[in-house]
Amino acid sequence: MKRRDFLAAAGAATGGTFLAGSALRPRDLRGAEAPPSTAPSAADPFRCDFAPHFGMFRHSAGDDLIGQLQFMADQGFRSLEDNGMKGRTVAEQERIATEMARLDMRMGVFVAHTIHWTEPNLAGGDPDKRAEFLAEIRESVDVARRVNATWMTVVPGHVDLRLHPDYQTAHVVESLRQASAILEPHGLVMVLEPLNPRDHPGLFLKGIPQAYQICRAVDSPACKILDDLYHQQITEGNLIPNIDAAWDEIAYFQIGDNPGRREPTTGEINYQNVFQHIWDKGFRGILGMEHGNAHPGEEGERAVIEAYRSVDVAG
């Protein structure tokens, strides 16, 4: 699923009536219903800093974004992720930031620039495409300061089939070095997101080892990796060893189970182990919930919350 379609698809899961005693429980890989959770109550914050997105709980909280933020906080979430933040009006950005400050919530990633899904931009070395990218990075500095964000997502775009991969890498590294020079004085970080070639064929950045190589070459605290565990399970698997190998360059994680790109416990990834491993290594950053809900309506939204309670770390 393309990023531009993702939030719409996630918000399209409708229907169903929630009753507190009838929420769907997570199921294991064989379809057996898991036992009732013994995790902390909804009044307690999650230990891991999971970040929902707008629309994920709209059946429970309503369409108003401020009401959704309050609902997230009431359920124990301490951060928000909003890919589309840059496209919101200044007034809406400020309204969201004010409420998040009141609720003591952190801001996760937003998408920093136009992603070229079908044509080369950074990989091709076109000076006009590079100038476009850098101008959007400058705009994103203002957005980040307005909403108190630290991280912004960067996807280098499509491959250039006319060029050797090494030339493409050199072009991408140079663009990211120039972007880092813009971000560093503000303490901001662009996180490079490798996307799997099944859902996003033809993109330049595909895997964690490739992103690690690029970040090493850029050599800036403003250029790090976004490890989207859904994408990497499809592309390379071996999630924990790859996390360890690239650890020094990973600044942010995103979540989605595979297959389906739904909440943890609905697919093949052992998220309880992955989250515990990340926690034990000292990560206290944000883990963005970039997925849809496996079940519709309020009942499905409660199932998402229960799934995260079941995989949260023990401490």
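The values are calculated or read from the model by the stated rules, or taken from the named source; none is laboratory data. Everything quoted here is computed from the prediction, not taken from an experiment. Glycine gets a Cβ as well: all are built from the backbone with ideal geometry, and neighbour counts include every protein chain shown.
Where in segment 219-314 are the helices (runs of 4 or more DSSP H), entirely inside, with at least 3 residues that are over 20 Å from V155 (Cα atoms) and either more than 15 Å from the chain's Cα centre (by Cα) or in contact (Cβ under 8 Å) with a residue 60 or more places away in the chain (or both)?
Helices (runs of 4 or more DSSP H) meeting the threshold: 239-245, 271-280, 297-311.
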Given (1) crowded, with 24+ Cβ neighbours inside 10 Å; (2) over 30 Å from Q93 (Cα atoms), identify the lone condition not met by Q233. (1)
List the number of the failed condition for P185; all other conditions in (1) over 18 Å from the mean Cα position of the chain (by Cα); (2) assigned by TED's automatic domain parsing to the domain that holds V172; (3) within 22 Å of M56 (Cβ to Cβ) hold. (3)
Screening F71, F50 for residues that are closer than 18 Å to V304 by Cβ, touching a strand residue (DSSP E or B) at 6+ places or on another chain (Cβ under 6 Å) and either at pLDDT 95 or above or crowded, with 18+ Cβ neighbours inside 10 Å (or both) leaves only F50
Out of G87, G124, G108, sole residue that is surrounded by fewer than 21 Cβ atoms within 10 Å (Cβ to Cβ) and small (G, A, S): G87
Assuming A39 fulfils every condition listed in (1) assigned to a loop (DSSP other than H, G, I, E, B); (2) at pLDDT 95 or above; (3) surrounded by 17 or more Cβ atoms within 10 Å (Cβ to Cβ) apart from one, which condition is it? (2)
Residue satisfying condition, being over 29 Å from N270 (Cβ atoms), touching a Cys at 6+ places or on another chain (Cβ under 8 Å) and at pLDDT 95 or above, within set L192, L161, L176, L188: L176
Considering only residues that are within 12 Å of M105 (Cβ to Cβ) and either without any contact (Cβ under 8 Å) to a residue 24 or more places away in the chain or not assigned by TED's automatic domain parsing to the domain that holds H291 (or both), which ones fall in segment 61-70? Q68
